[in-house]
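The values are calculated or read from the model by the stated rules, or taken from the named source; none is laboratory data. The structure displayed is predicted, hence computed values, not measured ones. FYI the Cβ positions are ideal-geometry reconstructions off the backbone, even for glycines, and counts take in every protein chain you see. Quick note on the areas: whole protein, heavy atoms, side chains included, nothing else; ligands and nucleic acids left out. Shrake-Rupley method; radii C 1.70, N 1.55, O 1.52, S 1.80 Å.
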Amino acid sequence: MSKKVLMKGNEAFSEAAIRGGCRYYFGYPITPQNEVPEYMSRELPKRGGYFIQAESEISAVNMAYGAGAAGGRVFITSSSPGIALMQEGFSFLCSAEVPTVILNVARGGPGIGTIQPSQADYFQATRGGGNGDYMIPVFAPSSIQEGVDLVYEAMELSDKWQNPIYILTDGILGQMMEPVVLPDQVPFVDSKDIRKHKPWAITGYGDDDSKKNVVKSLRLAAEELEKHIQSLFAKYEKAEKELVRVETIDIEDADVVIVAFGTMARIAKEAIELLAEQNIKAGLLRPISLRPFPYEAFNKISNRTKVIISAELSMGQMMQDVKLGVNNRFPIKLLNRTGGMIPTPLEIAERTKKIFEEIGG
Amino acid sequence: MTSNCIFVPEESFLDELKRKTIITGHYGSGKTEFAVSLALKFARNENHTDSDNVSLARQWNHPPVSLIDLDIVNPYFRSREQRKLLEENGISVYGSVYKKEIAAELPALGADIKAPLECSNTKVIIDAGGNDTGALILNQFTKYFTDDETTILAVINANRPETSDINGAAEHITAIENITGLTVSYIINNTHMLRETTTEDILSGLELCKTVCKKLDKTLLCSCYPEEIITPDDLRKLQEHEKNLMPLGLYMRPTWLK
């Protein structure tokens, strides 16, 4: 572990990827994630890796597909509309079981939208816009340190599950500075040793004909494709059990439980302190994994709770998962800003108080 | 002074700053917080002064202190986001021509930026973008940066990985000088860890900055400390090592980013 340093989110996530063993990065500029390709272009070649600025996000994801299929540890990043372009490739990566770590430093949409932060890519990340039956685990950090730890771990998880892992952040987390402790460097796997780690990878015949591997997403025979999808979903089922992550604060004894992730959870934490001053006991349920969503954590909310608030920087995309978690036990209200707007802790506290009073709390 | 008296640092070192102060440094060094705090300090001083300059500036309907935000590198956390606070304190703010559109990715500078540079009765603080790439924008205003009225500062935060050692910090300053053709007059030690800043951070940064000054033949102007974090006891400890201390507000940091 390094000593604590002060880093910008985008730089820290990039460094975490390198330290997690990322040797290949492909990207295309878009605000507010530009410091990532900038950092990778400067640092990755120095450390024995490869940086390529692709001609578009579509190219970047397909370069990732190629390098990942050849057994490399790959990192690709973009921001909302750029991620939208990559989604065709995400479906291919899942079908072909190619590990890749994806980072979205999200901005306001729809369309070209704004460069200000947003959580309106919730559906895009958790449901996905690629075709077919596939699933990508999604993690949402709410601090730079947590983002660093998740990107670093995602490199390993992606290899383990032979599947992309998606880290969903936003412009605030990408652009702000925070003290951070960086993890130790995972050594790069030498090209000649890739087969030992990834026996499925395309590494050429060498002197052994038995090494012939094919990595593909094309399966024309319906029987073959169905069997493949069933095997993917058996894998997803196992992964979902292992990858659920959640932070809860005082949800066992709260008047109101705020459900929020990422930046919004950060603001909600201060709002909870303000609500305590008003004698309203608010708890926080912070999903860290958005897929798998921590549905079971909602069972810990006690019956004395009057209302669940889904606090989001979107028009209520996460609320659909909150409804599944709440399972009709409590009323659910949306507390949101969107389009790049960020509420203050005071705004969240006041709106929560109003909702609580209206519900008869 | 009794032992209970809170030590208030003397800021006479700010008298070294000429009419135009250019603030450069690595991004994340704290240039913007320094620029905003310096502008507010100047404004407070000027508002209590009846100097000819101030009255002349007011006569021409121009505030005696101006802040020019030339940060075209960062999309967030730019000093022009504090326009309201600054203007309420009598500071005119110049930045993108799209004044109300801080969210725009349009680093277009208006011709009005030249007003405070040409008006000899206003104090100007110029917040350049980070690194040498951010400082590049200064080149189009070179004719205004004459030695007789310009002070160029380089802000160093030793907790930023790229400027945490002598070579890294020195290379950053040299790169900024090379790309702008300007000579850094003073180094500012702004070693911090946001709300986790300790006196040890500031003092270790002080040692680094002193060494960088020796290496590059520069002068250290002052060390900064976050006003809301450092206690009176901490301040006394700092004073034992550094008499030029500049308090900074955390204007750019929302409270929920603890």
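If you keep only loop residues by DSSP, which GluC sites (Glu not before Pro) in the range A:41-137 have at most 15 other Cβ atoms within 10 Å of their Cβ? Intermediate results must be reported in sequence, preceding the final value.
Working: sites: A:E43, A:E55, A:E57, A:E88, A:E97; in loops: A:E55, A:E97.
Loop-located and lightly packed - A:E55.
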* **Rounded to 10°, Cα long-axis angle of helix A:262-277 versus longest principal axis of chain A** => 20
* Asked: With all protein chains present, how much of the accessible area of the protein assembly as shown (probe radius 1.4 Å) comes from carbon and sulfur, to the nearest whole percent?
  -> 52
* Structure fact -> The set of residues whose placed amide H lies less than 5 Å from the amide H of A:V259, leaving out same-chain residues fewer than 5 positions away, is A:L285, A:I309, A:S310, A:A311
* DSSP loop (so not H, G, I, E, B), at most 11 other Cβ within 10 Å: list which trypsin sites (Lys or Arg not before Pro) in the range A:274-361 pass both filters. => A:R304
* Taking the radius of gyration and the Kirkwood hydrodynamic radius from Cα positions alone, what is the Rg/Rh ratio for the range A:248-358, to two decimal places? -> 0.92
* Solvent-accessible area buried by B and A, counting both chains, probe 1.4 angstrom, square angstrom -> 2500
* **Occluded residues from the range A:84-127, i.e. those whose accessible area drops by 40 Å² or more once the chain is not alone (1.4 Å probe)** => A:I115, A:Q116
* Structure fact -> In nanometres, the difference between 0.36 nm per residue of separation and the alpha-carbon distance of A:D193 and A:I112 is 24.9 nm
* Asked: Considering protein heavy atoms only and a 1.4 Å probe radius, which residues within the range A:166-188 exhibit an accessible-area decrease of no less than 40 Å² in the full assembly relative to the chain by itself?
  -> A:I172, A:Q175, A:M176, A:M177, A:P179
* Asked: In straight Cα distance, which lysines are under 18 Å from A:K323, not counting same-chain residues fewer than 8 positions off?
  -> A:K300, A:K306, A:K333
* Asked: Using modelled backbone amide H atoms (1.01 Å from N, in-plane), which distant-in-sequence or interchain residues come within less than 5 Å of B:C222's amide H?
  -> B:N189
* Select from the range B:165-258 those GluC sites (Glu not before Pro) which occupy a DSSP coil region and have at most 12 other Cβ atoms within 10 Å, ordered by residue number. => B:E228, B:E240
* To do: Give a residue-ordered list of calculated ³J(HN,Hα) values for the range A:220-237 (Karplus: 6.51 cos²θ - 1.76 cosθ + 1.60, θ = phi - 60°; whole Hz; x for Gly, Pro).
  => 5, 6, 4, 4, 5, 5, 4, 4, 5, 5, 4, 6, 4, 6, 5, 5, 4, 4
* Zero-based 10 Å bins, Cα pair distances in chain A, whole percents -> 6, 25, 32, 23, 11, 4, 1, 0
* Any idea how many Lys pairs in the range A:136-278 come in under 19 angstrom at the alpha carbon, given 8 or more places apart or on separate chains? -> 18
* Across 10 Å bins from 0, what is the distribution of all Cα-Cα pair distances for the protein assembly as shown, in whole percents? -> 3, 15, 23, 23, 18, 11, 4, 1, 0
* Under-5 Å amide H pairs with B:V93, H placed in peptide plane, nonlocal only -> B:L67
* **Heavy-atom accessible area per residue - the protein assembly as shown, 1.4 Å, Å²** => 41
* To the nearest µm²/s, what D does Stokes-Einstein give for the range A:5-192 at 4 °C and 1.567 mPa s, using the Kirkwood radius over alpha carbon pairs as Rh? -> 82
